[in-house]
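Beneath this line is the structure, given in structure tokens, with notes to follow.
The values are calculated or read from the model by the stated rules, or taken from the named source; none is laboratory data. All of these numbers come straight from a predicted model, not from anything done at the bench. Note that we place each Cβ from the backbone using ideal geometry, even for glycine, and neighbour counts take in every protein chain shown. The accessibility values were calculated without ligands, DNA or RNA, using every heavy atom of the protein model including side chains. Shrake-Rupley method; radii C 1.70, N 1.55, O 1.52, S 1.80 Å.
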Amino acid sequence: MKYAALGKSGMKVSRLCLGTMNFGPATDEKEAFRIMDAALDAGVNFFDTANIYGWGENSGLTETIIGRWFSQGGGRREKVVLATKFYGSMSDPLDGPNNEAGLSSYKLRRHLEGSLKRLQTDHIELYQMHHVDPSVTWDELWGAFEVAVHQGKIGYVGSSNFAGWQIAVAQAAAQSRHFLGLVSEQHKYSLTCRLPELEVLPASQQLGLGVIPWSPLDGGLLGRNALKKIEGSRSGGNAERVEKHRAQLEQFAALCQELGEPQDNVALAWVLKNPAVTGPIIGPRTLEQFESSLRSLEIELDESVMKRLDEIFPGPGGAAPQAYAW
């Protein structure tokens, strides 16, 4: 396994991040346990979840499954760099109007305590804002995060789905308080979603954030089964999108066949090659899917392959403003 520091922090994480969104809704607890055990055996120490995973009335289920896995002992908790997120509603009637989606000092405290309880731990290495909330000041948020850090309940703070300028504002506010600020940005990024190259990736690099791409396979569109009709697979729900991008996907499949590698692993290897990226989130439903994804760490894409991928999936042309201005 390969490791990298998470942004400007001194914390080392594996270059593949185990996403747990499927645990509960699509993957039963027994299989989830097998996947997490296999991840540790393979050296994957970076696990990502969110308080709302499980969804709706089952919000919190995924964290609960992870907590039960930790409770088995065997050094499981000690070996994991644990990341979770808060922002959405947790269907808690006790919160009343404060249960609406968003950020606040109140929500941070309540949701952090809930996650710690479900995860059966006393601390979380990376606590992330699942989305930006422009209605809340950074004085309020950084004050609440500072308390949580000083209490030892969280180690570092991360963002998710922030624009480049919002990252810059957040870091400036943290710096004025002599606080570390953000160490990571979790962002949608893939061969079919390259807009982050304009602002988010360069801003993150400049300001000390490691980028953690979510949906690096674009919901299965870049997977090995995208052009096949397989019942029960994620690609099965992509029929309209596949038709829209069929020409690109067929070229991509042909290139991957030349390389002797499946599409999903090439797509992951492409994301990993970007120097702004710490590690993409993989979201396996099965142990087999997890084990297959490990191959992406060994794939080396040379300049000619990168050029062909650029031709198949054109990006925005680089960072702003050079990408569109003289």
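How large, in Å, is the stretch 138-208 by the Kirkwood hydrodynamic radius built from its alpha-carbon pairs?
Working: mean 1/r = 0.0780 Å⁻¹.
For the stretch 138-208, the Kirkwood estimate is 12.8 Å.
Dividing the convex hull volume of the alpha carbon atoms of the chain by its residue count, what do you get in Å³ per residue? List each step's numbers first, then the result.
Numbers: hull volume 46.5 nm³, N = 326.
Cα convex hull per residue, to the nearest whole number: 143 Å³.
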| message | To make sure I understand the rule: partners must be lysines, Cα under 29 Å from the Cα of residue 228, and not fewer than 8 residues away in the same chain. Which ones qualify? | response | 30, 188, 244, 273, 307
| task | Using θ = phi - 60° and the Karplus relation 6.51 cos²θ - 1.76 cosθ + 1.60, list the HN-Hα couplings for the stretch 267-279 in order, rounded to whole Hz, with x at every Gly or Pro. | result | 4, 5, 4, 5, 5, 4, 6, 6, x, 7, 8, 7, x
| task | Determine, from the Cβ-Cβ distance of residue 177 and residue 122 and an R0 of 25 Å, the FRET efficiency 1/(1 + (r/R0)^6), rounded to the nearest 0.05. | result | 0.50
| task | Note down, for the stretch 232-326, the three equivalent ellipsoid semi-axes (square root of 5 times each alpha carbon gyration tensor eigenvalue), biggest first, whole angstrom. | result | 24, 18, 15
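Express the carbon and sulfur contribution to the solvent-accessible surface of the stretch 3-312 as a percent, rounded to the nearest whole number, probe 1.4 angstrom.
Summing carbon and sulfur atoms, their accessible area is 50 percent of the total for the stretch 3-312.
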| task | Calculate how steeply helix 303-312 sits against the longest principal axis of the alpha-carbon atoms of the chain, using the helix alpha-carbon long axis, and give the answer as 0 to 90 degrees to the nearest 10. | result | 90 degrees
| query | Label points 7 Å out from Cα along the Cβ direction at residue 324 and residue 26: separation in nm? | reply | 3.2 nm
| field | Rounded to the nearest 10 Å², the accessible area of residue 324 at probe 1.4 Å | value | 150 Å²
| query | Averaged per residue, what accessible surface does the chain expose to a 1.4 Å probe, in Å²? | reply | 45 Å²
| field | Label zone at residue 286 (point 7 Å along Cα-to-Cβ), backbone N below 20 Å, the stretch 1-32 | value | 18-32
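Return the ratio Rg/(2.2 N^0.38 Å) for the stretch 145-266, where Rg is computed over Cα atoms only. Mind dumping the intermediate values first?
Values: Rg = 18.9 Å, N = 122, 2.2 N^0.38 = 13.7 Å.
Rounded to two decimals, the normalised Rg is 1.38.
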| Anchor residue 153: aspartates and glutamates whose Cα lies under 17 Å away (excluding residues fewer than 8 positions away in-chain) | 48, 63, 78, 113, 122, 125
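Shape verdict for the stretch 76-204, please, from the Cα gyration tensor: rounded (a/c under 1.5), prolate (a/b greater than b/c) or oblate.
Details: a/c = 1.41, a/b = 1.34, b/c = 1.05.
Since a/c stays below 1.5, the shape of the stretch 76-204 is classed as rounded.
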| query | Taking the alpha-carbon centroid of each part, what is the distance from the stretch 246-289 to the stretch 62-102 in angstrom? | reply | 29 Å
| residue 298 paired with residue 257, simple spin-label distance in nm, labels 7 Å along Cα-to-beta-carbon | 2.4 nm
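Starting from the alpha-carbon convex hull of the stretch 122-175, give the projected area averaged over all orientations, in nm².
On the way: hull surface 14.7 nm².
Over every viewing direction, the Cα hull of the stretch 122-175 projects on average to 3.7 nm².
Between residue 151 and residue 55, how high is the FRET efficiency from 1/(1 + (r/R0)^6) when r is the Cβ-Cβ distance and R₀ = 25 Å? Nearest 0.05. Show your work: numbers first, answer last.
On the way: r = 29 Å, r/R0 = 1.18.
Step by step, r from the Cβ atoms, then E = 0.25.
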| request: Using +1 at the Cβ of each Lys and Arg and -1 at the Cβ of each Asp and Glu in the stretch 3-312, identify which of 81, 17, 103 lies farthest towards the dipole's positive end. | output: 81
| query | So how exposed is residue 77, as accessible area in Å² (1.4 Å probe, rounded to 10)? | reply | 30 Å²
